[in-house]
Amino acid sequence: MGALDRVLVQVLPYVPRYIAGETLEDALRAVGALNGSGVRATVDVLGEFVHDLGEAELAGQEYVRLVDAFAERGLDSQASVKLTQLGLKLDFDACLGTMRRLVEHAQALDTLMTIDMEDSSCTDATLDIFETLRRRSSHVGAVLQARLRRSMHDLRRLLPLEPNVRICKGIYLEPPEIAFDDRDDVRRNFLELVDLSLSGNGFVGIATHDEVAVRGSYALLERHDAQPSQYEFQMLLGVRDDLRRRIQLDGHPLRVYVPFGRQWYAYSMRRLKENPAIAGHVLRNLMRV
Ligand code: FDA
């Protein structure tokens, strides 16, 4: 067995905690359990960077089924989608068309489609699509990444639209010309973005498991006298359940991001790299080679 395989074998048992399972039914069960404990959900059909528009079309249909199932079962859930899964890199107009139909469907069933933010090669096109759709419907949300230097500028541009915007640190490795690489800078920018979002008339999803950022956000919520209709905390499935319970006990609205599907590899690898226990594990094992 090669070095990489050995490491993979050791970390793979950690994967299931980050995803609800492979099927729609798995995701709906996870959402039901979260709702039962007073937590909202947003569900992601795993997949990104499709190779042809047929695959993009299938992904769109999967999202329609998902949103239908929320309504049929009375679940408190939204959906999160990656535009490269809907063909962003293949055909901008086709992607916009699919996304428009999804937002119309979400609107008919009174839920929200949040457009996840991918790497910086997608930022402009993603924000263009968000802005176009937001002008016609409030049932679409955007994501801004505190890691990117441009995000404050992007938020100022979006604020007049009274957006539903999720602020996260950003998972993608980006060059230093366009991104902060110091964790304190990323955290500072995160809090400044939350601060500015709260000064507008939109809705902000405060998406982090960083206790310092959570405490900093508490202070901002107080300063802005923010009401539960203006914000929520958001966390990923399988990450810091202890912190999730504390935020709930402190009386704040909370949503958990629930990924499901057969294409779990890329998503799970990103989560494993962020897990401090795993990062140490992988390094220790590579040094043994
Ligand atoms: P940080 O990485 O500093 O983590 C804080 C602490 O949380 C760590 O010290 C550790 O204890 C714990 N932790 C974090 N990740 C863990 C893991 N995987 N396993 C175990 N413990 C872990 N990104 C993006 O680029 N585009 C997007 O659209 C989204 N969408 C999104 C939605 C939601 C609801 C969340 C919560 C996050 C995202 N992200 C994202 C991911 C985000 O950008 C970021 O990579 C992660 O949230 C980790 O950053 P933290 O703010 O949690 O801080």
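The values are calculated or read from the model by the stated rules, or taken from the named source; none is laboratory data. Values in this document were obtained by computation on a predicted structure and should not be read as measured data. Note: ideal-geometry Cβ built from the backbone for every residue, glycine included; neighbour counts use all protein chains shown.
Screening Leu102, Leu90, Leu75 for residues that are within 21 Å of Gly202 (Cβ to Cβ) and hydrophobic (A, V, I, L, M, F, W, C) leaves exactly one candidate, Leu102. Restricting attention to the stretch 85-102, the residues being charged (D, E, K, R) and touching a Lys or Arg at 6+ places or on another chain (Cβ under 9 Å) number 1. Check whether at least one residue in the stretch 142-150 is within 15 Å of the ligand (Cβ to nearest atom), loosely packed, with under 15 Cβ neighbours inside 10 Å, at pLDDT 95 or above and over 18 Å from the mean Cα position of the chain (by Cα), and report yes or no. No: the stretch 142-150 contains no residue that is within 15 Å of the ligand (Cβ to nearest atom), loosely packed, with under 15 Cβ neighbours inside 10 Å, at pLDDT 95 or above and over 18 Å from the mean Cα position of the chain (by Cα).
Take Thr111 and tell me if it is hydroxyl-bearing (Ser, Thr, Tyr), closer than 18 Å to Phe203 by Cβ and either crowded, with 16+ Cβ neighbours inside 10 Å or touching a His at 6+ places or on another chain (Cβ under 9 Å) (or both). For Thr111, the condition - hydroxyl-bearing (Ser, Thr, Tyr), closer than 18 Å to Phe203 by Cβ and either crowded, with 16+ Cβ neighbours inside 10 Å or touching a His at 6+ places or on another chain (Cβ under 9 Å) (or both) - is met. Of all residues in the stretch 265-281, those being within 14 Å of the ligand (Cβ to nearest atom) and more than 15 Å from the chain's Cα centre (by Cα) number 10.
Just so you know, in the stretch 207-262 the residues that are surrounded by 13 or more Cβ atoms within 10 Å (Cβ to Cβ) and of a type in the set (Gly, Ala, Ser) include one that is farthest from Leu196 (Cα to Cα), and it is Gly261.
Would a scan of the stretch 123-132 turn up a residue that is more than 11 Å from the ligand (Cβ to nearest atom) and modelled with pLDDT under 95? So far as the stretch 123-132 goes, no, none of its residues is more than 11 Å from the ligand (Cβ to nearest atom) and modelled with pLDDT under 95. Pairing each residue of the stretch 92-116 that is of a type outside the set (A, V, I, L, M, F, W, C) with any residue that is surrounded by fewer than 19 Cβ atoms within 10 Å (Cβ to Cβ) and not in a loop (DSSP other than H, G, I, E, B), provided the two are 6+ apart or on different chains, yields C-beta distances under 7 Å for His105/Val64. Among the candidates Arg284, Arg262, the residue that is at pLDDT below 95, part of a loop (DSSP other than H, G, I, E, B) and more than 12 Å from the ligand (Cβ to nearest atom) is uniquely Arg262. Taking the stretch 68-101, which residues are within 17 Å of the chain's Cα centre (by Cα) and either of a type outside the set (S, T, N, Q) or outside any helix (DSSP H, G or I) (or both)? Of everything in the stretch 68-101, those that are within 17 Å of the chain's Cα centre (by Cα) and either of a type outside the set (S, T, N, Q) or outside any helix (DSSP H, G or I) (or both) turn out to be Asp76, Ser77, Gln78, Ala79, Ser80, Val81, Lys82, Leu83, Leu86, Met99. Of all residues in the stretch 20-49, those that are over 19 Å from Leu254 (Cβ atoms), crowded, with 21+ Cβ neighbours inside 10 Å and β-branched (Val, Ile, Thr) total 1.
Yes/no matrix, rows are residues, columns are (1) within 13 Å of the ligand (Cβ to nearest atom); (2) assigned to a loop (DSSP other than H, G, I, E, B); (3) of a type in the set (Lys, Arg):
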| position | (1), (2), (3) |
| --- | --- |
| Leu173 | yes, yes, no |
| Gly205 | yes, no, no |
| Val212 | yes, no, no |
| Gly216 | yes, no, no |
| Asp225 | no, yes, no |
| Ser229 | no, yes, no |
| Gly238 | yes, yes, no |
| Asp242 | yes, no, no |
